[in-house]
1. Put a point 7 Å out from Cα along the line to Cβ at A:E170; what are the distances to that point in the other copies, in nm, shortest first?
2. How many nanometers, to one decimal and shortest first, lie between the label point of A:Q126 and those of its other copies, if labels sit 7 Å from Cα toward Cβ?
3. Would you kindly derive the ³J(HN,Hα) couplings of the range B:14-29 from the backbone phi angles with the Karplus curve 6.51 cos²θ - 1.76 cosθ + 1.60 (θ = phi - 60°), listing them in order in whole Hz, with x for Gly and Pro?
4. Taking the axis that carries chain A onto chain B, what is the nearest Cβ in chain A, and at how many Å, to the whole number?
5. Compute the Cα gyration tensor for the range B:65-128, then decide on rounded, prolate or oblate, letting a ≥ b ≥ c be the square roots of its eigenvalues: rounded whenever a/c is under 1.5, prolate when a/b is larger than b/c in the other cases, and oblate in all that remain.
6. In nm, to one decimal, how far is the modelled label at B:S17 from the one at B:W171, with both set 7 Å along Cα→Cβ?
7. Give me the distance in nm between label points sitting 7 Å out from Cα along the Cα-to-Cβ direction at B:D185 and A:S35, one decimal.
8. Highest first, please rank the peptides A:13-22, B:147-156 by the mean number of other Cβ atoms sitting within 10 Å of their residues.
Protein chains: 2
Amino acid sequence: MPTPTARRGRPGYDQQSVLAVAVTAFNRYGYEATSMGMLAEELGISKSAIYHHVPSKGDLLRLALDHALGGLEAILEDSRAGSGAADARLEFVLRGTIAVLTERLPFVTLLLRLRGNTEVEREALQRRRTFDRQIAALVDAARHEGSIRDDIDPRTTTRLIFGTINSIVEWYRPGGPLTADKLADDVILMVFDGLHLR
Amino acid sequence: MPTPTARRGRPGYDQQSVLAVAVTAFNRYGYEATSMGMLAEELGISKSAIYHHVPSKGDLLRLALDHALGGLEAILEDSRAGSGAADARLEFVLRGTIAVLTERLPFVTLLLRLRGNTEVEREALQRRRTFDRQIAALVDAARHEGSIRDDIDPRTTTRLIFGTINSIVEWYRPGGPLTADKLADDVILMVFDGLHLR
């Protein structure tokens, strides 16, 4: 979870509880349609009490998106993403992306559904594009290295990989029979080796 | 396009033009937020004139979803989906799905974003689930036949395949350098044979 900017408000609630409730509501009703009053009601506190935890609805959105993006960006800062064969680095980054997606599911869901209506959203989309470009560069490197096929355009390859991985937010349920590690194994297997037996 | 129920309204407009404008607006603003007045303004006709083409906003939604679902369901009615080796039938159906998705892009986009808020939406989701179940049965058959790997749970396999294919609506632009046929080749190649060279 993001580091709370300050510990304030009533005991029993902190910025993180408010954030968790907010993200669920943003995903369910949309950011625009969610009011601070709705969040207060959901938490069972007064509308004025909620402002003890966070200055504005925009700050809740910013903190939530930062939690998703911070997790993704940390993968690329790991040394395993930066050195070695490009296809091993790509696999490391894709496994990391699936781990962040499953651990921070509602936060990544919110990120993936952004439309860029506000400045906070546009900044988050800019960070997401930077992350996406770094994966695209890894795909390119693996292609030049000769470890992944070159009969699919690298942009298409990158989009299909992201499509496969990002769609996980639509159906994955943490705590169910499919663990996040097995899911990552499955995705890596399908994407790199294909479903056909040989 | 769906068969118009009747040819009515002013010359220069027909139900199909109204439907095309409606689907674009539903995708952009959401079904709830789109009014018949907005559609009339977009078409440059009066609000009362729009009712010459279609009885209600709900009918526009129903016609649009039927155009997407009818295209998908027709694939399964083709004899190539019904006989032969299961993995060839699966490939035929997936190629057909990609063709419908790219040809009827805004209609399938609308279908994929449904939340089931109205009776029309719930009926469409029911038809979509029936379609999805038939693909899942083909995946199962290909697995039992021994042509696709059995170390991934068949439900996960089906979800990853749909995730890969459905995500195409988020980025594919008809008329660009990537043709729908090449895209289908690329998807089939990645999903069945994987990105790794061997």
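Read-outs throughout are calculated quantities, based only on the coordinates presented, and are distinct from any laboratory measurement. Treat the numbers as computed from the prediction; the structure is a model and nothing was measured. For neighbour counting, all protein chains shown are included, and Cβ atoms are generated from backbone atoms with ideal geometry for every residue, glycine included.
1. Ordered by increasing distance: 0.9 nm.
2. Once sorted, the set of distances for A:Q126 reads 4.8 nm.
3. Calculated HN-Hα couplings, in order: 9, 4, 5, 5, 4, 5, 4, 5, 5, 5, 4, 5, 4, 5, 7, 9 Hz.
4. Closest Cβ to the A-to-B rotation axis, residue and whole-Å distance: A:G194, 2.
5. prolate
6. The modelled label-to-label distance comes out at 3.6 nm.
7. The two pseudo-label positions are separated by 5.6 nm.
8. Most protected by this proxy first, the peptides run A:13-22, B:147-156.
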